[in-house]
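The values are calculated or read from the model by the stated rules, or taken from the named source; none is laboratory data. Every value quoted in this text rests on a predicted model; they were computed, and no experiment measured them. Here the Cβ is made from the backbone with ideal geometry for all residues, glycine too, and neighbour counts use every protein chain on show.
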């Protein structure tokens, strides 16, 4: 695993994600209050603690690189449209999973250049597992204190007789059912896996799942870091309609429906 890429010291970035995860677990281990934002999405002390840890790291180490974070004030497009390079952060992806205490939540930090995530870290605090994707440097999985393990997805899902489809733990839909039906009509056997947060993309990246169709709403910070992991592992995150890779720093930060394959 390389030590630096795209002007970023990788070890420091990993440490920042793990520190944010430790802040989350401190809250996870006790009672906490739940607030609701304007869009009725939940917010906890853990979201705030993780965001503060990440923002402090970025301010000290990369003060000239702007940041888009779910928990920061929204930055108008007229200000950010000229950004060729920025950080994209979701300090706690899977707040609903956090509240349910099922463990399936992650810390997500991505470096985006020219609308494309080129470095991404996804940290799963409960399992102390970290996924890393570096454009030109490969994709890696680090479990606890073990050495980094290179990962890559397998063949395209329609080339397999048995297809493992991963879907959301909290957002099932008739569209996903129809997607599975279409695969079965092609004579494929389908296993359906459920997972929360950006872990779904990482499962495809490492080959534990074959495809992830997403028909529900997501924001750029939900996918940026894991998109980097998926791309570095040789897979794709594609707009369901155009079949083009998801782009970032759009006027509207909401993603279209997409498929990871």
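Taking residue 99 and the conditions (1) under 22 Å from residue 16 (Cα atoms); (2) surrounded by fewer than 22 Cβ atoms within 10 Å (Cβ to Cβ), which numbered condition does it fall short on, given that it satisfies the others?
It fails just one condition, (1).
Just checking, how many residues over the stretch 58-87 are in contact with a helix residue (DSSP H, G or I) (Cβ under 9 Å, 6 or more places away or on another chain) and either outside any strand (DSSP E or B) or farther than 18 Å from residue 218 by Cα (or both)?
9
Inspect the stretch 27-48 for any residue being closer than 18 Å to residue 104 by Cβ, assigned by TED's automatic domain parsing to the domain that holds residue 103 and out of contact with any helix residue (DSSP H, G or I) (no Cβ under 8 Å at 6 or more places or on another chain) and give the result as yes or no.
Yes, that holds for at least one residue.
Select from the stretch 102-136 the residues that are surrounded by fewer than 17 Cβ atoms within 10 Å (Cβ to Cβ) and in a helix (DSSP H, G or I) and list them in ascending order.
127 - this is the single residue of the stretch 102-136 that is surrounded by fewer than 17 Cβ atoms within 10 Å (Cβ to Cβ) and in a helix (DSSP H, G or I).
Across the stretch 214-250, what is the number of residues that are free of Cβ contacts under 8 Å to residues at least 60 places away in the same chain, within 16 Å of residue 110 (Cβ to Cβ) and out of contact with any helix residue (DSSP H, G or I) (no Cβ under 9 Å at 6 or more places or on another chain)?
Total satisfying the criteria: 1.
Here is a list: 174, 217, 245, 213. Which entry is more than 16 Å from residue 139 (Cα to Cα) and more than 17 Å from the chain's Cα centre (by Cα)?
174
Of all residues being buried (at least 18 other Cβ atoms within 10 Å of the Cβ) and in contact (Cβ under 8 Å) with a residue 40 or more places away in the chain in the stretch 172-203, which is farthest from residue 222 (Cα to Cα)? Just the residue, please.
That would be 195.
Across the stretch 18-41, what is the total count of residues that are under 18 Å from the mean Cα position of the chain (by Cα) and under 20 Å from residue 219 (Cα atoms)?
Here the count works out to 1.
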